[in-house]
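Novice: One structure follows; several queries about it will come next.
Quick note: the coordinates plus some simple rules give every number you see, no bench work behind them. All values derive from a computational prediction rather than experimental measurement. Cβ coordinates were reconstructed from backbone atoms using ideal geometry, including for glycine residues, and neighbour counts include every protein chain displayed.
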Amino acid sequence: WAGGVGRLQVANFVCMFLNIFFVLTALTNSWYGSSLYTVKNMNSTFVTPSDDAWIVWTLIFAFQLVMTFLQLSPLETPTTSITQRIGWLWPFCQLMQVCWIISYGQSNFWGCWICLLLVYSSLLLIITRLDGGRRGCLAQTYVPPERRFEVL
């Protein structure tokens, strides 16, 4: 790669695999608390998803893995870098997912709520950074790049 691998790419890679490690250990009897299924079964309500619903996380983690490996590819250059536009929000999101898993394993539901709020907020910021034509609001109409700096 022309520019080499930077700190941000390394952080993305490390945080993703920390996330995968904690998820895989959380499925069994984890060393930091109960397994995800044990906590779910102990705190079951009428809105608790069935065991089959948790399979969606396989798809989510597959997309996260693709994102992590794409940002390491030689196609990522400083001028086309999605990683640079996202910045440190992606590793932050990964770390908040790890914190959520630890909080959930310890049945700390306030901690879970805060971590998920931070995950959601960082993902929203990522979306707005990747789509600069929306002028900061996802509900507005698209503004083409050539009109972004016009005074309305």
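Novice: Using the Karplus curve 6.51 cos²θ - 1.76 cosθ + 1.60 with θ = phi - 60°, what ³J(HN,Hα) values do you get for each residue of region 120-129, in whole Hz, with x for Gly and Pro?
Specialist: Per-residue couplings from phi come out as 4, 5, 5, 5, 5, 5, 4, 4, 5, 6 Hz.
Novice: Arrange the peptides 91-99, 16-24 so that the one whose residues have, on average, the most other Cβ atoms within 10 Å appears first.
Specialist: Per-residue Cβ counts within 10 Å, averaged per peptide and sorted highest first, yield 91-99, 16-24.
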